[in-house]
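Single-structure report; data block below.
The values are calculated or read from the model by the stated rules, or taken from the named source; none is laboratory data. On a predicted model such as this, the values are computed, not experimentally measured, just so you know. Note that each Cβ is placed from the backbone with ideal geometry, even for glycine, and that neighbours are counted across all protein chains shown. Each accessible area value is taken on the protein alone, full model and side chains, heavy atoms only, with ligands, DNA and RNA left out. Shrake-Rupley method; radii C 1.70, N 1.55, O 1.52, S 1.80 Å.
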Amino acid sequence: MKATGKTVKDILINLPEDRAEPFNKLHNVIVKNLPKGFEAAISYGGLGYVIPHTLYPAGYHCKPIEPLPFAGIASQKDSINFYHMGIYSDPLLLKWFVTEYPKHSKQKLDMGKTCVRFKKLDEIPFKLIGELMKKMSAKEWIEKYEATLKPKPRQVKAKSKK
């Protein structure tokens with residue numbers, strides 16, 4: 001069951017009853033541990049943790065009117081999903097997260113490229129998510145994004161004169 005809203009507050013109050021407590025707790029852990037430069041916002045229609053246009057005016061390359069996304073959470077049909085671009089873009093951070101996960105949850109890690117799915121809501125590793133959020137500064141994320149994820153302008157070769 002997806003939560004909807006036009007503001008962060010709307011999303012947090014429009015959650016299915018069985019998701020409200022763990023979702024809000026996850027949101028609060030993320031916000032408490034967000035480094036300076038990130039903020040909670042609506043991102044692609046969901047709850048995101050972004051670098052606002054005031055710090056990164058170019059926005060996200062796929063949709064420049066959106067702020068630069070970094071993390072997010074969503075209430076999906078069968079799970080609460082946590083998204084983190086840092087674990088996608090930084091192999092060392094991914095390795096740290098995968099190694100630490102079993103120390104914080106009895107559930108098998110259910111993960112895609114940027115997405116961690118929590119199907120058992122009492123097994124969300126809140127402390128681990130808090131630690132993860134502190135591991136990359138806004139400056140580091142912008143540098144990583146520009147170096148690895150943002151598409152490079154195409155190089156146009158000059159025509160040779162014959």
- Query: Got a number for residues in the range 9-54 being assigned to a strand (DSSP E or B) and among the hydroxyl-bearing types (Ser, Thr, Tyr)?
  - Reply: 2
- Message: Which condition from (1) closer than 19 Å to residue 30 by Cα; (2) open to solvent by 30 Å² or more (accessible area, probe 1.4 Å); (3) out of contact with any helix residue (DSSP H, G or I) (no Cβ under 7 Å at 6 or more places or on another chain); (4) modelled with pLDDT of 95 or more is the one that residue 123 breaks?
- Response: (4)
- Task: Go over the candidates 96, 141 one by one and state the one that is touching a strand residue (DSSP E or B) at 6+ places or on another chain (Cβ under 8 Å) and over 22 Å from residue 25 (Cα atoms).
- Result: 141
- Look at the range 55-79 and say how many of its residues are modelled with pLDDT of 95 or more and outside any loop (DSSP other than H, G, I, E, B). 6
- The condition of being within 25 Å of residue 16 (Cβ to Cβ) and aromatic (Phe, Trp, Tyr) holds, among 97, 118, only for 118
- Message: Among the residues of the range 131-139, are any within 25 Å of residue 10 (Cα to Cα) and either touching a residue at least 24 places away in the same chain (Cβ under 8 Å) or open to solvent by 60 Å² or more (accessible area, probe 1.4 Å) (or both)?
- Response: yes
- Message: Quick check on the range 51-79: of everything there that is among the polar types (S, T, N, Q) and over 18 Å from residue 31 (Cα atoms), which residue is least open to solvent (accessible area, probe 1.4 Å)?
- Response: 79
